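Please treat every number below as a calculation from the coordinates, not as lab data. Because the structure is predicted, anything quoted here is derived from the model rather than measured. All Cβ positions, glycine included, derive from the backbone under ideal geometry; neighbour counts span all protein chains shown.
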Protein chains: 2
Amino acid sequence: MEWEKFAKELTVETNSKILLLVLDGLGDLPVQGKTALEAARTPHLDALVSKGVCGLTDPVFMGITPGSGPAHLALFGYNPCKHLLGRGVLEALGVGLDIEKKDLVARGNFATLKNDLIIDRRAGRIPTSENENLCRKLNNSLKRQEEIKIVLYPGKEHRFVAKFSGEGLSDSLSDADPQKEGKPRSYTQPLSQEAAETAKIVNDFLDEATDILSDSPQANTILLRGFSKLPSIPTISELYKLKPIAIAHYPMYKGLAKLIGMKIIHPEKGLKALFKAVEKNYSDYNFFYIHVKKTDTAGEDGNFEAKKEAIEEVDSFMPGLLALQPEVLAVTSDHSTPCLLKSHSWHPNPFLLYSQASQPDKVMVFSEKECSQGYLGRFQAVYAMPLMLAHAGKLKKYGA
Amino acid sequence: MEWEKFAKELTVETNSKILLLVLDGLGDLPVQGKTALEAARTPHLDALVSKGVCGLTDPVFMGITPGSGPAHLALFGYNPCKHLLGRGVLEALGVGLDIEKKDLVARGNFATLKNDLIIDRRAGRIPTSENENLCRKLNNSLKRQEEIKIVLYPGKEHRFVAKFSGEGLSDSLSDADPQKEGKPRSYTQPLSQEAAETAKIVNDFLDEATDILSDSPQANTILLRGFSKLPSIPTISELYKLKPIAIAHYPMYKGLAKLIGMKIIHPEKGLKALFKAVEKNYSDYNFFYIHVKKTDTAGEDGNFEAKKEAIEEVDSFMPGLLALQPEVLAVTSDHSTPCLLKSHSWHPNPFLLYSQASQPDKVMVFSEKECSQGYLGRFQAVYAMPLMLAHAGKLKKYGA
């Protein structure tokens, strides 16, 4: 996998446009003989397939179920085994938090302490509103420090994100979480010498927060895990000379896109607004990452009908996308989320690339089964980016 | 890609013969529904396909359009991302120049200088005959030096190759080319300390050549770029214990083959002479690289009919090749040159391997579309060599 090494050298700036439409979790397993994609009526996607080139992608490699981070990084041409996003960073992106290079973030739980033992790692899954109140209380009550600023951001139920801002913070820290119930509170341990000072800051904070929360009946302490900082990752513009924009509803995907230098916008709810945003921004960018969440949500819920309907709804917007006459339109998923499994899986993703320069294969229907017969065969998702760039005329010849 | 590492250990010397027939630029995009290969009548190739095993290859990886250098190196089992041939070396091979380890070569242009500015980087594309006269004049007029010998070799129009021979020359040099017109002459800069002395030699030569050319109306200065030396690359015999011969008409392919230790011959013009040369040399070698240029030339010209005819002509020589009873006959292209694009492209190459030991797949017709359905699937061209060696009984078991 030498693509990243070649990217800077081989890419050229052009006006040609690439649309990458990601139907999150699209890949599926059959339910009563058909996958959601096979069951859905998709005349416009099928028409595209018959003119384009298809295949099946593995986000990382065969058998690996990826999180959304590696799955998307691969689609954007980054080696997902090299660039790792910490859990804390992912969680922070998920709540729409801005993170800077000097920030250290961690996932947090409110938890219940009794007789010096953690008896509930989730504090009885307190309501989100209580979580919000507790975060506000902590943010207001924590002693102000000159050099380090600590802020908690509430998530759903017992979950929050803690952000430590200041110079010299390290993420080389063990989890401050006993992992099991019935054990005492746990402090973070520095995993390298340079993290000793940060560990002290975190552990002082854990004590202080536990003091402040001592009146709460259930949520009277906190656990922190997945300490992480922003990875050092080249932007899409640096690598490919593209002007990229992310058109997505969910914070995590916007955050991830922002991390690699994409312009972020905030479309109104619904697919209509999502696709309208492509049109509105069409002249100002040349790489459009369009993220549809519905397919994944339906898969996670095991809701086959909802997944099928989401696919059919997306299909109805294809003529609008094509009317923009992009040089390349690719449609795929970041990972599979089979309704049967109700979770991300390792199954490959159908991949379709339509372009004037694509070599039509025998595939006539957009489905997992048919895509496996396409010219592209089964390939690692990291090659989607060189393929899209090549078809858009944005790659120079390699060698003489 | 670990093949090169395994090659020496696993290969065994045998008398079995491998014929690798390269139809340069064969892969195509459909014109009026068919590629040149689909349109061509190829009864003999189709018969081979039905008994052999097929696939589609990517010379480097998906999306990458290779030059002839990396594309051929991959077919010979070399990692094309590791072994790079400098532009100067390729150009020198292209004009049929002998290069030795101590030589430094560069691509040159005659150019027009006016009021100390380069006003035409190609000297009005002077006729080749004038180029030849100017090279002769320079070769005769340059001051003889004891340690460094400089010779210019004319190419077409304004192009030439400059060869510097001597001890201690470095190719770590920037281009001596302002790249744009309207700028002053440009000198080479050493890109490492060891290249300082070489840069001085090159820059003195540039001044001297410009003095000698001062009378010429158009071609009154020169530009040099792509400084390069022979790469250090193991030979085919070292890696695979083969006795290889290249049967090709064009200097660049012969030069490239010579670089990796193949015996070079000079067949008469025409495909008949080319294939006759295989027969003539059959008993003395066991690896035959047979290069057909016509298919690529037709693709570069956008001449669909000529490409189709070239393929049909090649097909007619297949019975002759088969009569030799080689253990392996592989037919493929180094890269695609679609008539529609009139240039090399990133599209995959049809690949056919016929042998007594090949596992026949469902493919019955030699075409891009059918090959995509073969057992070999889509694979990197670098694996063509281990496949050919294996089918020829030249690879030992790996591990116990």
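Just a few scattered comments:
- Base-10 log of normalised Debye intensity for chain B (one unit scatterer per alpha-carbon) at q = 0.09, 0.13, 0.15 Å⁻¹: -0.59, -1.07, -1.27
- Percent of beta bridges antiparallel (DSSP, the protein assembly as shown, rounded to nearest 5): 65 percent
- Counting from the shortest, the label point at residue A:127, 7 Å from Cα toward Cβ, is 9.4 nm from the same position in each remaining copy.
- In sequence order, calculated HN-Hα J values of the stretch B:183-192 (Karplus, 6.51, -1.76, 1.60; Hz; x Gly/Pro): 10, x, 4, 10, 9, 7, 10, x, 9, 8
- Placing a label point 7 Å from Cα along the Cα-to-Cβ direction at residue B:400 gives distances to the equivalent points in the other copies of 5.1 nm, listed shortest first.
- Axis-nearest residue of A (beta carbon) for the A-onto-B rotation, whole Å: A:377, 3
- Options A:264, B:92, A:66, ranked by Cα towards positive dipole end of the protein assembly as shown, top entry (Cβ charges): B:92
- Amide H within-cut-off set for residue B:379, under 5 Å, with H built and near neighbours excluded: B:56, B:57, B:58
- Helix-only arithmetic for the protein assembly as shown: the sum of -39500 (n - 2.57) across DSSP H runs with n ≥ 4, divided by the residue total, places the mean residue ellipticity at 222 nm at -9000 deg cm²/dmol.
- Taking chain B as a Gaussian network of alpha-carbon nodes connected by springs under 10 Å, the highest mean-square fluctuation of the residues B:244, B:348, B:184 belongs to B:184.
- Rounded to 5, percent antiparallel among DSSP beta bridges of chain B: 65 percent
- For chain B, a simple Cβ point-charge model (Lys and Arg +1, Asp and Glu -1, everything else neutral) yields a dipole of about 440 debye relative to the Cα centre.
- For chain B, taking a cut-off of 4.7 Å between Cβ atoms, the unpaired cysteines are B:81, B:135, B:339.
- The order of A:229, B:307, B:5, A:280, going from fewest to most other C-beta atoms within 10 Å of their C-beta, is B:5, A:280, A:229, B:307.
- Our coupling estimate for the stretch B:319-336, obtained by passing each phi through the Karplus curve with A = 6.51, B = -1.76, C = 1.60 and θ = phi - 60°, is x, x, 5, 5, 4, 6, 6, x, 5, 9, 10, 10, 10, 6, 10, 6, 7, 8 Hz, Gly and Pro reported as x.
- For the stretch B:382-395, 3J(HN,Hα) per residue [Karplus equation, 6.51 cos²θ - 1.76 cosθ + 1.60, θ = phi - 60°, Hz, x = Gly/Pro]: 4, 7, 4, 5, x, 5, 5, 4, 4, 5, 8, x, 9, 10
- When A:19, A:230, A:322 are sorted by how many other C-beta atoms sit within 10 angstrom of their C-beta, beginning with the fewest, the order is A:322, A:230, A:19.
- The fewest-to-most ranking of A:316, B:216, B:355, A:192 by surrounding Cβ atoms within 10 Å reads A:192, A:316, B:216, B:355.
- The chymotrypsin sites (Phe, Trp or Tyr not before Pro) of the stretch B:310-400 meeting both criteria, a DSSP state outside H, G, I, E and B (loop) and at most 15 other C-beta atoms within 10 angstrom of the site's C-beta, are B:375, B:398.
- Each 5 Å bin from zero up to the one holding the largest Cα-Cα distance in the stretch B:90-228 carries the following percent of pairs: 2, 11, 22, 25, 22, 13, 5, 1.
- For residue A:146, inter-copy label distances in nm, listed shortest first [label point 7 Å out on the Cα-Cβ vector]: 7.1
- Note on the stretch B:173-241 and the stretch A:63-102: Cα centroid distance 45 Å, given to the nearest whole angstrom.
- Most mobile of B:177, B:284, B:296 in a GNM of chain B (Cα contacts under 10 Å): B:284
- Once backbone amide H atoms are built at 1.01 Å from N, residue A:398 has B:65, B:67 as its partners under 5 Å, excluding neighbours fewer than 5 places away on the same chain.
- Per DSSP, loop chymotrypsin sites (Phe, Trp or Tyr not before Pro) in the stretch A:58-95 with at most 16 further Cβ within 10 Å: A:61
- Charge dipole (debye, nearest 20) of the protein assembly as shown; +1 at Cβ of Lys and Arg, -1 at Cβ of Asp and Glu: 500 debye
- Here is the result for the stretch B:191-260: no chymotrypsin sites (Phe, Trp or Tyr not before Pro) lie in DSSP coil with at most 13 other C-beta atoms within 10 angstrom of their C-beta.
- Taking amide H as placed 1.01 Å from N in the peptide plane, residue A:287 has its amide H under 5 Å from the amide H of A:18, A:243, A:245, each at least 5 places away in sequence or on another chain.
- Exposed-loop-free span, longest in chain B, where GluC sites (Glu not before Pro) count as exposed if DSSP calls them loop and at most 10 other C-beta atoms lie within 10 Å: B:269-400
- Dividing the convex hull volume of the alpha-carbon atoms in the protein assembly as shown by its residue count gives 210 Å³ per residue.
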